[in-house]
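Chemist: Quick one: this structure, given as structure tokens, is what I'll be asking you about.
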Amino acid sequence: MDLDTPALVIDLDRVESNVASMASLARASGVRLRPHTKTHKMPEIARLQIEAGAAGLTCAKLGEAEVMVEAGFDDILIAFPLLGADKLARLEVLRRTARIQVSLDSVEVATGLAELGVRSGQPVEVYVEVDTGQHRMGTAPGAPTIDLVSRLVETPGLVVVGLLSHAGHSYPISDHAQRSALVDDELRELLATQLALAKLGIDVREISVGSTPTVRDEMSRRGVSEVRPGTYVFNDTLMLAHGVATLETCAAHVIATVVSRPSPERFVLDAGSKCLTSDGVGRPGWIQVAGRDELTIEFVNEEHGVGRIDLSRGVPLSIGDKVLLIPSHVCPVINLFERAVATRGDLVVGALDVTGRGRVR
Ligand SMILES: Cc1ncc(COP(=O)(O)O)c(C=O)c1O
């Protein structure tokens, strides 16, 4: 609380505990853990994940993968289609020192990767992304996926290693039974597609799934080979709402200072959307003030976080007071800071560079 604000603070004790518990769940389930680094974008945290037993890393973008390879990691899945000569040239460089797998859902993307695989004499390992309900990317389960995989296995320069899905449609669902049913559907569709391919003599061994709200259910299901949770490392208020995190497992906070008390019930913080994003606005409990449930954040502008104090609780709040905020969606919040303060309990123990921030290409 002595830090100048706004500041991003990462509690390393909590991170280590989150990392260890996910690793031990994966180990107990016999599933490979390939954490998504889009949440932290920090090689130091990736190192903790690998040391705890992760088999490799997932990145969202080629630029994030470059940061991780530069830091010495050598087994990365880029869960995003790579398109165009510039990116393929950069991928070629990365492949000299690291195993890089890529996910895709089209012949167009596969064509560029196949050319690279042929040119380099080393086929590119690809996952075919299947849309199991999020309706973001992916071919539909069944015939559309079977058609695409059948074409890709005939394409020189490619190896189809498996099917991949992201259960992002679980994010609005806080009821565990409903999320579990969604996971049942996801895996039924993936495994049926895998089986149909096997009947055609096409062996796609790997099934890669995993978002933080669904990963514990997914790990317990038959047929999953790899999981890719990201948010679990820090957690946020959406994970609190889903019951997959507690206040004690929230490891990333933004410290802010009260800079104005324009009326008895209103307060203004020096952290707005440029520190917290506006993700989740309108969701009850979207940005929370840790340990102070008489304070609610109503809206954010770029530099201002505007909140309301429940006066009936009789707790004072003055200009100059500091508060600890739990982000609504932690991944893009981390992306807004160049550096985080690392703490253990109340003590500052160092700094963490967010080396992968802004690497959107
Ligand atoms: C393809 C993919 N895999 C895994 C994840 C990790 O999900 P979560 O952050 O919920 O753990 C994401 C998150 O956006 C994703 O897009």
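Chemist: Kindly write out, for the range 170-183 in residue order, the coupling ³J(HN,Hα) from the Karplus curve 6.51 cos²θ - 1.76 cosθ + 1.60 (θ = phi - 60°), rounded to whole Hz, with x marking Gly and Pro.
Modeler: 7, 4, x, 9, 9, 7, 5, 4, 5, 5, 5, 5, 4, 5
Chemist: Continuing with this model, one more query. Less than 9 Å Cβ to Cβ from G133, Lys/Arg counted +1 and Asp/Glu -1: what total charge do the surrounding residues give?
Modeler: -4
Chemist: Quick check for me: using +1 on Lys/Arg Cβ and -1 on Asp/Glu Cβ, what's the dipole size of the chain about its Cα centre, in debye to the nearest 20?
Modeler: Here the size comes out at about 400 debye.
Chemist: For R313, put the label point 7 Å out on the Cα→Cβ axis and report which residues of the range 276-294 keep their amide N under 14 Å from it.
Modeler: In the range 276-294, the label zone of R313 (backbone N under 14 Å from the point 7 Å along Cα→Cβ) covers 285-294.
Chemist: Would you list S312, S120 from fewest to most Cβ contacts within 10 Å?
Modeler: S312, S120
Chemist: While we're on this one: Placing +1 on the Cβ of each Lys and Arg and -1 on the Cβ of each Asp and Glu in the range 55-143, which of A55, P81, L91 has its Cα farthest towards the positive end of the resulting dipole?
Modeler: L91
Chemist: What length, rounded to one decimal in nm, is gained on full extension from S150 through to A89, with 0.36 nm per residue of separation minus their alpha-carbon distance?
Modeler: 19.3 nm
Chemist: Round to the nearest 0.05 the FRET efficiency obtained for T97 and V349 when R0 = 51 Å and r is the Cβ-Cβ distance.
Modeler: Calculated transfer efficiency: 0.95.
Chemist: Still on this structure, please answer the following. Let me check I've understood the local charge: for P35, count other residues with C-beta under 13 angstrom from its C-beta, Lys and Arg +1, Asp and Glu -1. What total comes out?
Modeler: Cβ neighbours under 13 Å give a net charge of +2.
Chemist: Taking the Cα centre of the range 247-353 as the origin, how large is its charge dipole in debye, to the nearest 20, when only Lys and Arg (+1) and Asp and Glu (-1) carry charge on their Cβ atoms?
Modeler: 100 debye
Chemist: Mind checking the angle between helix 85-94 and the chain's longest principal axis? C-alpha axes, 0 to 90 degrees, to the nearest 10.
Modeler: With rounding to tens, the tilt is 90 degrees.
Chemist: Report relative contact order for the chain in percent, whole number only (criteria: Cα-Cα under 8 Å, sequence separation at least 6).
Modeler: Averaging sequence separation for qualifying contacts and normalising by length gives 21 percent for the chain.
Chemist: Can you put R344, R34 in order of Cβ neighbours within 10 angstrom, beginning with the fewest?
Modeler: With the sparsest Cβ surroundings first, the list reads R344, R34.
Chemist: Using Cα positions and a limit of under 30 Å, work out the lysines in reach of K87, with same-chain residues fewer than 8 apart set aside.
Modeler: K38, K41, K61, K274
Chemist: To continue, here is another question. List H166, H329 from most exposed to least, where exposure is judged by having the fewest other Cβ atoms within 10 Å.
Modeler: H329, H166
Chemist: Turning to a different aspect of this structure: Based on the Cβ-Cβ distance of L324 and E70, what FRET efficiency does E = 1/(1 + (r/R0)^6) give at R0 = 30 Å, to the nearest 0.05?
Modeler: Rounded to the nearest 0.05, the efficiency is 0.40.
Chemist: Towards the positive end of the charge dipole of the chain, with charges on Cβ (+1 Lys, Arg; -1 Asp, Glu), say which of G157, S328, L269 has the farthest Cα.
Modeler: With unit charges placed on the Cβ atoms, the residue in question is G157.
Chemist: What is the spread of the Cα atoms of the chain along each of their three principal axes, largest first, in whole Å?
Modeler: Here the spans come out as 70, 42, 35 Å, largest first.
Chemist: Further question: Using only Cα atoms, tell me the angle between helix 12-29 and the longest principal axis of the chain; keep it within 0 to 90° and round to the nearest 10.
Modeler: 30 degrees
Chemist: What is the helix-to-structure angle for 107-120, meaning the angle in degrees between its Cα long axis and the longest Cα principal axis of the chain, kept from 0 to 90 and rounded to the nearest 10?
Modeler: 70 degrees
Chemist: Right, another one. Along the charge dipole of the chain, pointing to its positive end and built from +1/-1 on Cβ of Lys, Arg, Asp and Glu, which listed residue (L104, V67, Q134) has its Cα farthest out?
Modeler: About the Cα centre, the residue reaching furthest to the positive side is L104.
Any read-out appearing in this document is the output of simple, stated calculations on the displayed coordinates, not a laboratory observation. Bear in mind the structure is a predicted one, so any value in this text is a computation, not a measurement. Ideal geometry is used to build each Cβ from the backbone, glycine not excepted, and the neighbour counts take in all protein chains shown.
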